[in-house]
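The values are calculated or read from the model by the stated rules, or taken from the named source; none is laboratory data. In this text the structure is predicted, and so the values were computed from the model without any measurement. Positions of Cβ are generated from backbone atoms using ideal geometry, with glycine treated the same way; all protein chains shown enter the neighbour counts. Surface accessibility is based on the protein's heavy atoms, side chains included, excluding ligands, DNA and RNA. Shrake-Rupley method; radii C 1.70, N 1.55, O 1.52, S 1.80 Å.
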Amino acid sequence: MYLDCTIGAGGHSQAILKRIVPGGKLLGIDRDGEMLNLAKERLKNYRKNLELIQENFANLEKIIPGKERFDGVLYDLGLSILQIQKKERGFSFSVDGPLDMRMDRQQKLTAEQIVNEASKEELCQILREYGEEYYAERIATAIIKERKFSPISTTFQLKRVIAHTVPKRRKRIHPATKTFQALRIAINRELEALEESLPKAINLLKKRGRIAVISFHSLEDRITKHTFQKFAQSKSIKIITRSPVVPAQMERCINPHSRSAKLRVAEKL
Ligand SMILES: C[S@@+](CC[C@H](N)C(=O)[O-])C[C@H]1O[C@@H](n2cnc3c(N)ncnc32)[C@H](O)[C@@H]1O
């Protein structure tokens, strides 16, 4: 029995299912109902082996009562490119759309609310903590100034405010990159969800079962590393990847989105 906590469009799950049919089962979770529909379509030939649930992986104990039943648990964190490209989801500054950024569209809080209602101090804290944005204060001040004239309600509006505020970076990344990332992490409480979920997932592993976490952000990787270390100290798990596995040069060229990926794996003792 396998658990994919971030099934997305089902690519990883498909690879797992191919190896575990006919007897094996996979439970796939995603917060985003649209992604679950894509997974359902892609994995329709595995209906008998598959169960899909729309939930936040922070709530594993609610989804899976009891313990010790999985041979493998996978997290492939962040967003799917399919979510990022959809302009109506508001995740990307490359397309003009509403400032939304909710993974679960039933959630009330949107990016628009934070951008237009948070205090300067709150905005600064989000940009510093989740975006590691050097120009946090400047950007927060510019947002407050802009919203006095009119609410900031689209991705392009916010991108413009940031582009006018932040000096062009020497590196290749756009000046709005870190702000968008920070807002997304804050709205979806991504780090809190991971922190709550990992210990529960480890407890759900059978003896010799493995947990694999692919992260794209240094703070996510730090949470994974520290959780694994804590459980390794109490001899609950053995860490398989002493340092994280990162994509090779070739993979980074073929798939630039993979450039910040880090994989950590541990095994239940
Ligand atoms: C990088 S994508 C996964 C792609 C997937 N591995 C595939 O092969 O298609 C990450 C997915 O995790 C989901 N997700 C992120 N945080 C989540 C959470 N806390 N609970 C449940 N799903 C989450 C996102 O909605 C997204 O669909």
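Only one of the numbered conditions (1) open to solvent by 30 Å² or more (accessible area, probe 1.4 Å); (2) in contact with a Gly (Cβ under 8 Å, 6 or more places away or on another chain) is not met by residue 163, and that is (2). Residues satisfying the criterion are absent from the range 140-151 (criterion: open to solvent by less than 20 Å² (accessible area, probe 1.4 Å) and touching a residue at least 40 places away in the same chain (Cβ under 8 Å)). So for the range 189-202 (the condition being over 22 Å from residue 80 (Cα atoms), out of contact with any Leu (no Cβ under 7 Å at 6 or more places or on another chain) and part of a loop (DSSP other than H, G, I, E, B)), does at least one residue qualify? Looking for residues that are over 22 Å from residue 80 (Cα atoms), out of contact with any Leu (no Cβ under 7 Å at 6 or more places or on another chain) and part of a loop (DSSP other than H, G, I, E, B), one finds none in the range 189-202, hence no.
Of all residues in the range 188-199, those that are within 17 Å of residue 212 (Cα to Cα) and within 9 Å of the ligand (Cβ to nearest atom) have Cβ atoms under 6 Å from Cβ atoms of residues that are open to solvent by 10 Å² or more (accessible area, probe 1.4 Å) and in a loop (DSSP other than H, G, I, E, B), 6 or more apart or on another chain, in 193/56.
Please verify whether residue 53 is out of contact with any Lys or Arg (no Cβ under 6 Å at 6 or more places or on another chain), hydrophobic (A, V, I, L, M, F, W, C), within 12 Å of the ligand (Cβ to nearest atom) and at pLDDT below 95, treating the condition exactly as stated. Criteria not met by residue 53. Report yes if some residue within the range 194-202 is crowded, with 19+ Cβ neighbours inside 10 Å, farther than 12 Å from residue 73 by Cβ and modelled with pLDDT of 95 or more; otherwise report no. Yes.
Does residue 16 satisfy the condition of being of a type in the set (Val, Ile, Thr), within 11 Å of the ligand (Cβ to nearest atom) and out of contact with any Ser or Thr (no Cβ under 6 Å at 6 or more places or on another chain)? In short, yes.
Total residues in the range 65-95 satisfying the condition of being open to solvent by 70 Å² or more (accessible area, probe 1.4 Å) and either of a type in the set (D, E, K, R) or assigned to a loop (DSSP other than H, G, I, E, B) (or both): the figure is 8. In the range 203-223, the residue that is most open to solvent (accessible area, probe 1.4 Å) out of those that are out of contact with any Ser or Thr (no Cβ under 6 Å at 6 or more places or on another chain) and in a helix (DSSP H, G or I) is 222. Taking the range 166-193 as the range and being over 23 Å from the mean Cα position of the chain (by Cα) and open to solvent by less than 30 Å² (accessible area, probe 1.4 Å) as the test, only 166 passes.
Only one residue in 48, 18 is assigned to a helix (DSSP H, G or I), touching a helix residue (DSSP H, G or I) at 6+ places or on another chain (Cβ under 9 Å) and farther than 15 Å from residue 76 by Cβ, so which one is that? Testing whether each residue is assigned to a helix (DSSP H, G or I), touching a helix residue (DSSP H, G or I) at 6+ places or on another chain (Cβ under 9 Å) and farther than 15 Å from residue 76 by Cβ leaves just 18.
Let me confirm something: among 76, 32, which residue is in the same structural domain as residue 244 (by TED's automatic domain parsing), in contact with a Ser or Thr (Cβ under 7 Å, 6 or more places away or on another chain) and among the acidic types (Asp, Glu)? After applying the criteria, what remains is 76.
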